[in-house]
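Participant: Can you keep this structure in mind? I'll have questions shortly.
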Amino acid sequence: MKPAPFQYFAPTTIDETLALLAEHGDQAKILAGGQSLVPTMNFRLATPMILIDINRVGELSYIDSRNGNLAIGAMTRQRTLERDGEIARRAPLVAATMPFIAHPQIRNRGTLGGSLAHADPAAELPAVMIALDAKFKLSSQKIERWFDARDFFTGLFSTTLTPNELLSEIVLPPMPPHTGWAFQEMARRHGDFALAGVACIVTLDARGVCNDARIVLLGLSGQPVDARNAAKQLIGVEPSADAIRAASQTIDAEIDPSADIHASAEFRRHLAKTLTQRALQQAVARAKES
Ligand SMILES: Cc1cc2nc3c(=O)[nH]c(=O)nc-3n(C[C@H](O)[C@H](O)[C@H](O)COP(=O)(O)OP(=O)(O)OC[C@H]3O[C@@H](n4cnc5c(N)ncnc54)[C@H](O)[C@@H]3O)c2cc1C
């Protein structure tokens, strides 16, 4: 399969990119790693008239420490996130999740910004970013907007990005002391998109009582599910095995899984609860160690 004809631009700065988006936004697509866009163009599911290739925009590729936060450029490759020492130390949930995404060849090209902008409901990074309370910078020639990750994803493959905006930066706040994390997913083969998955964060106080928890599920419906009620069940209590089991069962009321050729809705519901229980156990154990 070959894509429909398109006009190609390769800007080298953010300013040039934003100028191109201001002029052509409605008819253009950003080309980042191309690992989702190119297949959809080859199948002619996407037929942009114009491609704006941002692979030469060096200023979009960085991992910086800034005011205690970690600022990551949108063009940072997924493989870099997997291998970077600063990410492993300060955002270990991100590093640990990366091997679940596709295969090394795809992660060599695929970018953080591309995965978030694409907003595949089975993608790992959107759920991980919500669990980490990340903030996203959306840039256009006119304004700069910031979104909490949990407000960025609006449905199946859709986000708050407008056609003339670029997702330019992702900011991760520091994890408080005594915070544990875990990622769990089930896929038919390693590297396939997940049938269901979950990212969890648990913070304990000095007595071992949970004072913050986040449970974010993926692969169940159109967008990541931030299961706040289930997470709230843990807050103010010692997260014992029984408390974790009870919180994981509460997930039931917060999800409405869809069925497809890969899994029934009931199987996804079962996975969501089982994976959450496993992830919470791991996150609590890590919080106690940390
Ligand atoms: C065989 C295969 C298996 C895969 N398995 C998984 C998996 O298990 N989990 C997973 O999460 N992903 C998986 N992927 C997708 C992969 O992670 C992609 O890299 C990712 O979804 C898109 O990133 P990209 O940089 O390649 O973006 P592109 O494909 O270049 O772009 C994707 C979309 O985002 C837009 N876009 C890109 N960057 C920006 C930006 N900075 N600002 C605004 N819009 C932007 C593009 O215009 C396009 O619409 C798989 C891909 C393949 C081919």
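Participant: By how many nm would the segment from ALA206 to VAL237 lengthen if fully extended, with 0.36 nm per residue of separation less the alpha-carbon distance?
Facilitator: 9.9 nm
Participant: Treating cross-link reach as a plain straight distance, find the lysines whose alpha-carbon is under 21 Å from the alpha-carbon of LYS232, omitting any fewer than eight places away in the same chain.
Facilitator: Correct list for LYS232: LYS273, LYS288.
Participant: Please give the contour-minus-distance gain from MET1 to ARG66: 0.36 nm per residue of separation, less the Cα-Cα distance, rounded to one decimal in nm.
Facilitator: 19.0 nm
Participant: For the chain, restrict the atom set to alpha-carbon positions and state the Rg and Dmax in Å.
Facilitator: Looking at the chain, its Cα Rg and Dmax stand at 19.2, 63 Å.
Participant: Still on this model: Could you compute the FRET efficiency for GLU266 and GLN27, with r as their C-beta to C-beta distance and R0 at 41 Å, rounded to 0.05?
Facilitator: Numbers: r = 43 Å, r/R0 = 1.05.
Approximately 0.45, to the nearest 0.05.
Participant: On to the next question. Just want the ordering: CYS210, CYS200, from fewest to most Cβ atoms lying within 10 Å of their own Cβ. All intermediate terms of the calculation are to be shown ahead of the outcome.
Facilitator: On the way: CYS210 25, CYS200 33.
Placing the least packed residue first, the sequence is CYS210, CYS200.
Participant: Right, another one. Compute the angle between helix 241-250 and the longest alpha-carbon principal axis of the chain, please, reported from 0 to 90 degrees and rounded to the nearest 10.
Facilitator: Computed tilt is about 50 degrees.
Participant: In straight Cα distance, which aspartates and glutamates are under 19 Å from LYS2, not counting same-chain residues fewer than 8 positions off?
Facilitator: Result set, ordered by chain and number: ASP53.
Participant: Treat every Asp and Glu Cβ in the chain as -1 and every Lys and Arg Cβ as +1, leave all other atoms uncharged, and give the resulting dipole magnitude about the Cα centre to the nearest 20 debye.
Facilitator: Using Cβ point charges on Lys, Arg, Asp and Glu, the chain gives about 580 debye.
Participant: Within straight cross-link reach of LYS142, meaning Cα distance under 20 Å, which aspartates and glutamates are found once same-chain residues fewer than 8 apart are removed?
Facilitator: Within reach: ASP15, GLU16, GLU23, ASP26, GLU59, GLU165, GLU169.
Participant: Figure the gain on full extension for THR12 and ARG188 (residue separation times 0.36 nm, minus the Cα-Cα span) and round it to one decimal in nm. Intermediate values should be presented prior to the final figure.
Facilitator: On the way: separation 176, 0.36 × 176 = 63.36 nm, distance 3.99 nm.
Computed gain between THR12 and ARG188 is 59.4 nm.
Participant: Suppose a student asked you for the relative contact order of segment 179-289, using Cα pairs under 8 Å spaced at least 6 residues apart; what percent would you report?
Facilitator: So the answer I get is 33 percent.
Participant: Turning to a different aspect of this structure: Name the residues whose placed amide hydrogens come within less than 5 Å of the amide hydrogen of ALA196, ignoring near sequence neighbours (fewer than 5 apart) on the same chain.
Facilitator: Here MET186 satisfy the definition.
Participant: Ranked by Cβ crowding within 10 angstrom, fewest neighbours first, how are PHE183, PHE100 ordered?
Facilitator: Ranked by crowding around the Cβ, least crowded first: PHE100, PHE183.
Participant: While we're on this one: Could the peptides 235-245, 122-132, 75-85 be put in order, highest first, of the mean number of other beta-carbon atoms found within 10 Å of their residues? Mind dumping the intermediate values first?
Facilitator: On the way: 235-245: 14.5, 122-132: 26.5, 75-85: 19.2.
Result, highest mean first: 122-132, 75-85, 235-245.
Participant: About the Cα centre, and with charges only on the beta carbon of Lys, Arg (+1) and Asp, Glu (-1), how big is the dipole of segment 5-143? Nearest 20 debye, please.
Facilitator: Charge dipole, segment 5-143, about its Cα centre: 240 debye, nearest 20.
Any read-out appearing in this document is the output of simple, stated calculations on the displayed coordinates, not a laboratory observation. Since we're looking at a predicted model, the values are computed, not measured. When we count neighbours, we look across all protein chains shown, and the Cβ atoms used for this are built from the backbone with ideal geometry, even at glycine.
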